[in-house]
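Peer 1: First the structure, which I've put down as structure tokens, then a few questions once you've had a look.
The values are calculated or read from the model by the stated rules, or taken from the named source; none is laboratory data. For clarity, every value in this text was computed on a predicted model and none was experimentally measured. Cβ sites come from the backbone with ideal geometry, for glycine too, and all protein chains shown count toward neighbours.
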């Protein structure tokens, strides 16, 4: 008799159990340990997705991603995982299994990562209660919802990675993003300014060969739940004085109401990009991400049968 493969969230508790000994383990080793822990059969281990990837590996990968995002796991090195105190408590509170709602509850834990707290807050703010009689999503809507969920997960991971690297890496990233968006043209240039005496300017993009049209950039790494205030924007505007009529201010955090209102009240053209918009743009323009899979959706060609 065939036994259904555990759902992705049903792998979370086994992952934490195999890491409870405190050992930091590579991702590949965790796959096999969890497969043994859950007593997967040879048939279950051989199941593949349409693209050819092993199904159990894909589901364990999702579980690892969410446990890392909420702070239950830490990554001391690339593709290496270790359990944290949050993870130990999560397992102790849910020994029979962990559901996604149990991860949401960690939004109230002050020790949870800022990226997780911000992601949960954004989800709650955008949450729409559905009526019990609401029809289920059609297959196309399911695909769109699934892609949106993947992008949301990647966006949170991007913010985490940007914080793990040094400030100069972040400055180079935002310059690469603007170039990828088409700023700089085919004959322009882009550069990160010197780390000292830059007058609050972290990057410069020339829109033409002679540099007659320039974009000045300010980049600040903030925790997603922290806000860039009006004084920071005022300093940036001051640094632009005599150089340009506008610029781009990018942060991994957010902007205060005062900062947004100040930008609207001044003649200088200042574009504000917060952490949410930053990751959306990185995904859209392929900066720091790569295409994992391409899904082809077909429909009947009505003209063919006319």
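Peer 1: Any idea which of 286, 258 is touching a residue at least 24 places away in the same chain (Cβ under 8 Å), surrounded by fewer than 16 Cβ atoms within 10 Å (Cβ to Cβ) and part of a helix (DSSP H, G or I)?
Peer 2: 258
Peer 1: What do you reckon, is residue 97 over 20 Å from the mean Cα position of the chain (by Cα), at positive phi and modelled with pLDDT of 90 or more?
Peer 2: Against the criterion (over 20 Å from the mean Cα position of the chain (by Cα), at positive phi and modelled with pLDDT of 90 or more), residue 97 qualifies.
Peer 1: Are any of the residues in the range 227-247 under 25 Å from residue 158 (Cβ atoms), touching a residue at least 60 places away in the same chain (Cβ under 8 Å) and touching a helix residue (DSSP H, G or I) at 6+ places or on another chain (Cβ under 8 Å)?
Peer 2: No, that holds for no residue.
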